[in-house]
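The block underneath contains the structure these notes are about, expressed in structure tokens.
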């Protein structure tokens, strides 16, 4: 049994929990150890997940984001907090406008409105004790098309729960970092796209210089339309398989002459010079670029091609 399993067994004992007990189910030392294990990757994972949602739309379009932010111990009659809930609410704060309202029975309440789609949520916070507080972000009206995959049960978790009494542990399951990341980013099958055609694959050098200007604004022109971007806007190309059907994703990789390489059990795609590859989504267009350090202190950005998308729903008939 590894250290995390030992810790989790203390959080969820095999024997039924007596909800009338005032003793903490997870001791502070155990909580600290769990957060230490998850903390190595946790802040980056939360922020990258929200950035991923924003590049494809907004968090409101992903049922699995809402699954975590809506977890409320009061609904189960227990007394606990879940780090996933607290972290995703905090990481997504800049996605919403906040209108504080009468707190009612809570310590704090507000109506949050998504800056992108206009969806509204109820946000609330209460503290049960020095050790336990509870927060949630529950949808009032969703206006974003739901492109993310549906929520599943048992609910996967990476950081976990702690409290004086916990919900039925059959409703939750511990997963590793990569499994949790994939769960959060999964798309509905009907939200994926197929390539209608590759509009342009005439490779073009967009930047060749030092690192100082590598992260500045860059632009390319296609059909008399100028597209501006920064390297920080580019999504790693392997994430394109969450948007494209598998066969069409492979077609794009082959057409652009990208080569795959594996590192730490993950597959990455690189150009013929060995540069990193990525994409930007502009409406129904996918702009594909490669970029990176081609020689010591020499950085390049290439335009690799543009792909037009069509929803799978439009391809059935």
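The values are calculated or read from the model by the stated rules, or taken from the named source; none is laboratory data. This structure is a prediction, so every number in the text was calculated from the model and none was measured. With ideal geometry, Cβ positions are generated from the backbone for all residues, glycine too; neighbour counts draw on all protein chains shown.
Against the condition closer than 25 Å to residue 48 by Cα and in the same structural domain as residue 166 (by TED's automatic domain parsing), how does residue 109 come out, does it pass? It is false that residue 109 is closer than 25 Å to residue 48 by Cα and in the same structural domain as residue 166 (by TED's automatic domain parsing). Of everything in segment 248-270 that is more than 16 Å from residue 306 (Cβ to Cβ) and touching a residue at least 12 places away in the same chain (Cβ under 8 Å), the residue that is surrounded by the fewest Cβ atoms within 10 Å (Cβ to Cβ) is 265.
For residue 38, are the conditions met, namely being part of a helix (DSSP H, G or I), touching a strand residue (DSSP E or B) at 6+ places or on another chain (Cβ under 8 Å) and at pLDDT below 60? Let's see the steps before the verdict.
On the way: part of a helix (DSSP H, G or I): yes; touching a strand residue (DSSP E or B) at 6+ places or on another chain (Cβ under 8 Å): no; at pLDDT below 60: yes.
For residue 38, the condition - part of a helix (DSSP H, G or I), touching a strand residue (DSSP E or B) at 6+ places or on another chain (Cβ under 8 Å) and at pLDDT below 60 - is not met.
Can you find a residue in segment 271-282 that is under 19 Å from residue 51 (Cβ atoms), in a loop (DSSP other than H, G, I, E, B) and at pLDDT below 90? Scanning segment 271-282, I find no residue that is under 19 Å from residue 51 (Cβ atoms), in a loop (DSSP other than H, G, I, E, B) and at pLDDT below 90, so the answer is no.
Answer yes or no as to whether residue 259 is in the same structural domain as residue 297 (by TED's automatic domain parsing) and under 23 Å from the mean Cα position of the chain (by Cα). Give the steps one after another, and end with the answer.
On the way: in the same structural domain as residue 297 (by TED's automatic domain parsing): yes; under 23 Å from the mean Cα position of the chain (by Cα): no.
The answer is no for residue 259.
Taking into account only those residues within segment 283-306 that are closer than 17 Å to residue 233 by Cβ and modelled with pLDDT under 90, which is surrounded by the most Cβ atoms within 10 Å (Cβ to Cβ)? Of everything passing the filter in segment 283-306, 286 is surrounded by the most Cβ atoms within 10 Å (Cβ to Cβ). Output the residue which, of all residues in segment 116-151 that are touching a strand residue (DSSP E or B) at 6+ places or on another chain (Cβ under 8 Å) and without any contact (Cβ under 8 Å) to a residue 24 or more places away in the chain, is surrounded by the fewest Cβ atoms within 10 Å (Cβ to Cβ). Result: 141.
Exactly one residue among 239, 202 is assigned to a helix (DSSP H, G or I) and loosely packed, with under 15 Cβ neighbours inside 10 Å, and that residue is 239. Looking only at segment 91-106, residues that are under 18 Å from residue 54 (Cα atoms) and either part of a loop (DSSP other than H, G, I, E, B) or in contact (Cβ under 8 Å) with a residue 40 or more places away in the chain (or both) come to 3 in all.
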